[in-house]
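Here the structure comes first, spelled out in structure tokens, and everything after it is commentary.
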Amino acid sequence: MAPCSFEDLLTADTAVVQKTIAEFSIRDTVLALKGASPQMNEFIAGLMPKEDAAALTDEKMRIGTVPLIQVEQAQKHILQTYLRFLQAGKESL
């Protein structure tokens with residue numbers, strides 16, 4: 001079943017999630033994670049190279065509070081990209 005929300009990525013295809021996150025800047029990823037659970041933050045950081053995960057932590061501290069609309073937009077964009085990658089993978093089977 002395809003994920004319907006950003007948090008659903010926790011139980012999604014990990015390889016596709018990793019590929020998806022690699023498409024986004026650290027800032028965009030941080031924006032999406034601002035509204036996410038601690039589990040989601042750990043999951044995403046765990047999929048990243050150590051240097052990127054460290055940059056993610058630094059950016060979280062630097063960026064501070066952001067409008068909710070920015071968080072929602074970043075989450076939506078990441079989820080849409082995941083779904084596009086997932087569909088592309090099914091079509092190539």
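The values are calculated or read from the model by the stated rules, or taken from the named source; none is laboratory data. Just so it is clear, the structure is predicted and the values come from calculations on it, not from any experiment. All Cβ positions, even for glycine, are placed from backbone atoms using ideal geometry, and neighbour counts span all protein chains on display. SASA here: full protein model, heavy atoms, side chains in, ligands and nucleic acids out. Shrake-Rupley method; radii C 1.70, N 1.55, O 1.52, S 1.80 Å.
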For the stretch 8-26, check the following and say yes or no: at least one residue is under 13 Å from the mean Cα position of the chain (by Cα), assigned to a helix (DSSP H, G or I), closer than 19 Å to PHE85 by Cα and of a type in the set (Phe, Trp, Tyr).
no
Here's a check for you: in the stretch 16-30, which residue that is of a type in the set (A, V, I, L, M, F, W, C) and open to solvent by less than 70 Å² (accessible area, probe 1.4 Å) is nearest to ALA88 (Cα to Cα)?
VAL16
Checking ALA36 against (1) part of a helix (DSSP H, G or I); (2) free of Cβ contacts under 8 Å to residues at least 40 places away in the same chain; (3) crowded, with 18+ Cβ neighbours inside 10 Å: exactly one of these is not met. Which one?
(1)
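Results for (1) assigned to a helix (DSSP H, G or I); (2) surrounded by fewer than 18 Cβ atoms within 10 Å (Cβ to Cβ), shown as yes or no for each residue.
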residue	(1), (2)
ALA32	yes, no
ALA45	yes, no
GLU51	yes, yes
THR57	yes, yes
LYS60	yes, yes
VAL66	no, yes
ALA74	yes, no
HIS77	yes, yes
If you check every pair at least six apart or on different chains, which have Cβ atoms under 7 Å apart with a residue in the stretch 55-76 that is in contact (Cβ under 8 Å) with a residue 60 or more places away in the chain first and a residue that is not in a helix (DSSP H, G or I) second?
GLN75/GLY35
